[in-house]
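Contents: one structure, followed by commentary.
The values are calculated or read from the model by the stated rules, or taken from the named source; none is laboratory data. Keep in mind it's a predicted model, so treat the numbers as computed, not measured. As a convention, Cβ positions derive from the backbone with ideal geometry for all residues, glycine included, and neighbour counts pool all protein chains shown. Protein only, heavy atoms only, side chains kept; ligands, DNA and RNA dropped before computing areas. Shrake-Rupley method; radii C 1.70, N 1.55, O 1.52, S 1.80 Å.
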Amino acid sequence: MLSQKAKYALKAMIALATQEEGDLLQAADIAERQNVPRKFLELILLDLRKHGLVRSQRGKFGGYALAKPADAITFGQIIRIMDGPLAPIPCASLTGYRRCADCRDEKSCAVRRTMREVRDAAAAILDGTTIADALGAGAHEARAAIGA
């Protein structure tokens with residue numbers, strides 16, 4: 001299940017992607033626009049900055065901006081930063097693999113095989129969806145809703 005932290009990180013990244021290049025968005029503005037607790041958001045933005053997805057500038061006119069183009073940042077990257085591996089169990093993970101203590105034969109384990117399929121399907125969607133894609137889908141839905 002997606003954590004609240006990862007959900008807020010995705011919302012923050014989408015908000016930042018709506019800014020014109022060079023414009024900065026303050027944490028308080030992101031928090032208000034996305035209905036995210038400000039203090040929690042600030043910790044999330046620090047994590048995203050540490051991983052090179054967000055840049056920040058201090059001062060009265062400071063704020064945050066994407067450090068990479070929106071079409072180069074995937075949902076999968078953000079979720080892994082916030083929540084860790086996508087796999088529902090450790091033995092099905094590519095990035096956080098751990099053998100299960102109760103498993104006698106990993107190669108024939110039906111649970112592992114199924115959870116690996118779940119992980120692969122989730123990764124295909126999340127790694128194939130960029131922040132730009134999400135904005136494009138949202139813009140399309142908004143235009144459809146108003147009949148444009």
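Could you list all residues from the stretch 69-96 that are of a type outside the set (Gly, Ala, Ser), closer than 15 Å to ASP127 by Cβ and not in a helix (DSSP H, G or I)?
The answer is ILE73, THR74, PRO85, LEU86, LEU94, THR95.
Condition test on CYS100, is it at pLDDT below 90, more than 14 Å from the chain's Cα centre (by Cα), assigned to a loop (DSSP other than H, G, I, E, B) and surrounded by 14 or more Cβ atoms within 10 Å (Cβ to Cβ)?
Values: at pLDDT below 90: yes; more than 14 Å from the chain's Cα centre (by Cα): yes; assigned to a loop (DSSP other than H, G, I, E, B): yes; surrounded by 14 or more Cβ atoms within 10 Å (Cβ to Cβ): yes.
Taking the combined requirement at face value, the residue satisfies it.
Identify the residue in the stretch 10-30 that is in a loop (DSSP other than H, G, I, E, B) and of a type outside the set (A, V, I, L, M) and, among all such residues, is most open to solvent (accessible area, probe 1.4 Å).
Out of the qualifying residues, it is GLU21.
For ALA67, indicate whether it is open to solvent by less than 80 Å² (accessible area, probe 1.4 Å), among the aliphatic types (A, V, I, L, M), more than 11 Å from ALA9 (Cβ to Cβ) and without any contact (Cβ under 8 Å) to a residue 24 or more places away in the chain. Lay out the reasoning, then the answer.
Values: open to solvent by less than 80 Å² (accessible area, probe 1.4 Å): yes; among the aliphatic types (A, V, I, L, M): yes; more than 11 Å from ALA9 (Cβ to Cβ): yes; without any contact (Cβ under 8 Å) to a residue 24 or more places away in the chain: yes.
Yes: the conditions hold for ALA67.
Somewhere in the stretch 45-59, is a residue exposed (fewer than 15 other Cβ atoms within 10 Å of the Cβ) and in contact with a strand residue (DSSP E or B) (Cβ under 7 Å, 6 or more places away or on another chain)?
Within the stretch 45-59, the first condition is being exposed (fewer than 15 other Cβ atoms within 10 Å of the Cβ), and the residues that meet it are 46, 49-52, 57-59.
Retained after the next criterion (residues that are in contact with a strand residue (DSSP E or B) (Cβ under 7 Å, 6 or more places away or on another chain)): 49, 57.
The answer is yes; a qualifying residue exists.
Kindly list the number of the only condition in (1) modelled with pLDDT under 90; (2) part of a helix (DSSP H, G or I); (3) buried (at least 18 other Cβ atoms within 10 Å of the Cβ) that fails for ALA6.
(1)
So, ARG33, is that one in a strand (DSSP E or B), touching a residue at least 12 places away in the same chain (Cβ under 8 Å), more than 17 Å from SER3 (Cβ to Cβ) and not β-branched (Val, Ile, Thr) or not? Walk me through it before giving the result.
Working: in a strand (DSSP E or B): no; touching a residue at least 12 places away in the same chain (Cβ under 8 Å): yes; more than 17 Å from SER3 (Cβ to Cβ): yes; not β-branched (Val, Ile, Thr): yes.
Spelling it out, it is not the case that ARG33 is in a strand (DSSP E or B), touching a residue at least 12 places away in the same chain (Cβ under 8 Å), more than 17 Å from SER3 (Cβ to Cβ) and not β-branched (Val, Ile, Thr).
What number goes with the only condition from (1) touching a residue at least 40 places away in the same chain (Cβ under 8 Å); (2) under 24 Å from ALA124 (Cβ atoms); (3) not small (Gly, Ala, Ser) that LEU48 does not pass?
(1)
Out of PHE75, PHE61, which single residue is in contact (Cβ under 8 Å) with a residue 60 or more places away in the chain and of a type in the set (Phe, Trp, Tyr)? Walk me through it before giving the result.
Numbers: PHE61 fails: in contact (Cβ under 8 Å) with a residue 60 or more places away in the chain.
Answer to the selection: PHE75.
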